[in-house]
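The next block holds one structure in the form of structure tokens; read it before the comments.
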């Protein structure tokens, strides 16, 4: 983490109103019940720590995209109920979670003023107000009335310059929360000071969405493994016929440029030399592994082939650090996740044995690692999507920049 960013761990918070920006934008069903509490679970240690240190904890979050107006179906009340239940399950039987029906104004002030030490208030959806996504200073000033100290513990929201992640950080003493600190430490170590040799797996559907990431990594990595649909564009750029496979012909020249940059920087690029093909894009479609030069005209590439996966395993065994973003194939459909899962399990094994440091991030990546059964084996897994990619690109994240002491006005 940047030396200019202070951690809330270092602050005496007893009796203070600690205003915490979290990302509790969790999946819910039609009945308004939380169906995946992973983000709440990740945030729970932060709340638990502040409660035990006798802070008055005020939580800010968003849910969905209500576009600046109050949408009853997007209330954060179910999140408050789930958080209260999970705090009790974590052993904090006396921790009370109040729900404020607005994030600013009299209802918000009443909820916060009524807090005792060690109690929690979860505020209504930030995005019910246009000022949030507009990074409006007036709205940020209203939010600042709710706290004595501001804490950003939502790395996944920090690539956006919103009032609750950016403008507010200039209005109160601002600190990074434990989750933010862990995220920054893990990602910055991998991108700025990794143990070498260092490799990156970059997969996914389209090269066009990850051009900046690939360019940035080609200057930093010793090995760049390209998989998923984007590998097809690289094969196409080599003049290889890829049948009906997903491809972006317009980005073939960009793929060539990335390969040239990587070679200049001493970064080895690996793309599959054998692939799994099928005539239909569906689960359990008839499939066969073929050399990349023998892809039938009526087939599509849906996974890296077994020989390529074995070669990739050998390569990552030589590495000390591995960064992972994106799958090697259509992992969500059996049996086209085998390439992703096999490589992930090898990375997990090497991590368990202390031979490799592994950092992964992005929604599809997390889902794939969960399906491979290795999520608990990687050194660090980020649930962030956009923020994770932007940090890999080398871009400044507004929510992180706002925490840096040197940028305080």
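The values are calculated or read from the model by the stated rules, or taken from the named source; none is laboratory data. Note that the coordinates shown come from a computational prediction; the quantities given were computed from them, not determined experimentally. Reconstructed Cβ throughout: ideal geometry from the backbone, glycine too, with neighbour counts over all protein chains shown.
In the set 26, 57, only one residue is part of a loop (DSSP other than H, G, I, E, B) and surrounded by 15 or more Cβ atoms within 10 Å (Cβ to Cβ); that residue is 26. Being closer than 25 Å to residue 319 by Cβ, touching a strand residue (DSSP E or B) at 6+ places or on another chain (Cβ under 9 Å) and modelled with pLDDT of 95 or more is a property that residue 244 lacks. Restricting attention to region 97-128, the residues that are touching a residue at least 24 places away in the same chain (Cβ under 8 Å) and exposed (fewer than 15 other Cβ atoms within 10 Å of the Cβ) total 3. Of all residues in region 305-322, those satisfying the criterion of being touching a strand residue (DSSP E or B) at 6+ places or on another chain (Cβ under 6 Å) and more than 16 Å from residue 271 (Cα to Cα) are 319, 321, 322. Determine whether residue 337 is within 16 Å of residue 231 (Cβ to Cβ), touching a strand residue (DSSP E or B) at 6+ places or on another chain (Cβ under 8 Å) and crowded, with 16+ Cβ neighbours inside 10 Å. It is true that residue 337 is within 16 Å of residue 231 (Cβ to Cβ), touching a strand residue (DSSP E or B) at 6+ places or on another chain (Cβ under 8 Å) and crowded, with 16+ Cβ neighbours inside 10 Å. Listed conditions (1) outside the structural domain of residue 106 (by TED's automatic domain parsing); (2) touching a strand residue (DSSP E or B) at 6+ places or on another chain (Cβ under 9 Å); (3) surrounded by fewer than 22 Cβ atoms within 10 Å (Cβ to Cβ); (4) in a loop (DSSP other than H, G, I, E, B) are all met by residue 221, apart from (3).
Restricting region 347-365 to residues that are assigned to a helix (DSSP H, G or I) and in contact with a strand residue (DSSP E or B) (Cβ under 6 Å, 6 or more places away or on another chain), the residue that is surrounded by the fewest Cβ atoms within 10 Å (Cβ to Cβ) is 351.
So, residue 173, is that one within 29 Å of residue 111 (Cβ to Cβ) and out of contact with any strand residue (DSSP E or B) (no Cβ under 7 Å at 6 or more places or on another chain) or not?
no
Scanning region 29-38 for residues that are in contact with a helix residue (DSSP H, G or I) (Cβ under 7 Å, 6 or more places away or on another chain) and either at negative phi or part of a helix (DSSP H, G or I) (or both), we see that the one that is surrounded by the most Cβ atoms within 10 Å (Cβ to Cβ) is 34. Residues that are under 17 Å from residue 234 (Cβ atoms) and surrounded by fewer than 19 Cβ atoms within 10 Å (Cβ to Cβ) do not occur anywhere in region 294-310.
With 288, 276 as the choices, which residue is buried (at least 22 other Cβ atoms within 10 Å of the Cβ) and in contact with a strand residue (DSSP E or B) (Cβ under 7 Å, 6 or more places away or on another chain)?
Working: 288 fails: buried (at least 22 other Cβ atoms within 10 Å of the Cβ).
Answer to the check: 276.
Let's see how each residue does on (1) closer than 17 Å to residue 246 by Cβ; (2) buried (at least 23 other Cβ atoms within 10 Å of the Cβ); (3) at pLDDT below 95:
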position: 185; (1), (2), (3): no, no, yes
position: 190; (1), (2), (3): no, yes, yes
position: 194; (1), (2), (3): no, no, yes
position: 199; (1), (2), (3): no, yes, no
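Residue 82 meets all of the listed conditions (1) under 25 Å from residue 140 (Cβ atoms); (2) crowded, with 18+ Cβ neighbours inside 10 Å but one, namely (1).
Taking the criterion of being at pLDDT 85 or above, surrounded by fewer than 21 Cβ atoms within 10 Å (Cβ to Cβ) and assigned to a loop (DSSP other than H, G, I, E, B), the residues of region 395-409 that qualify are 395, 396.
Within region 243-265, is there a residue that is over 29 Å from the mean Cα position of the chain (by Cα), surrounded by fewer than 22 Cβ atoms within 10 Å (Cβ to Cβ) and outside any helix (DSSP H, G or I)? Checked against the condition, which is being over 29 Å from the mean Cα position of the chain (by Cα), surrounded by fewer than 22 Cβ atoms within 10 Å (Cβ to Cβ) and outside any helix (DSSP H, G or I), region 243-265 yields at least one hit.
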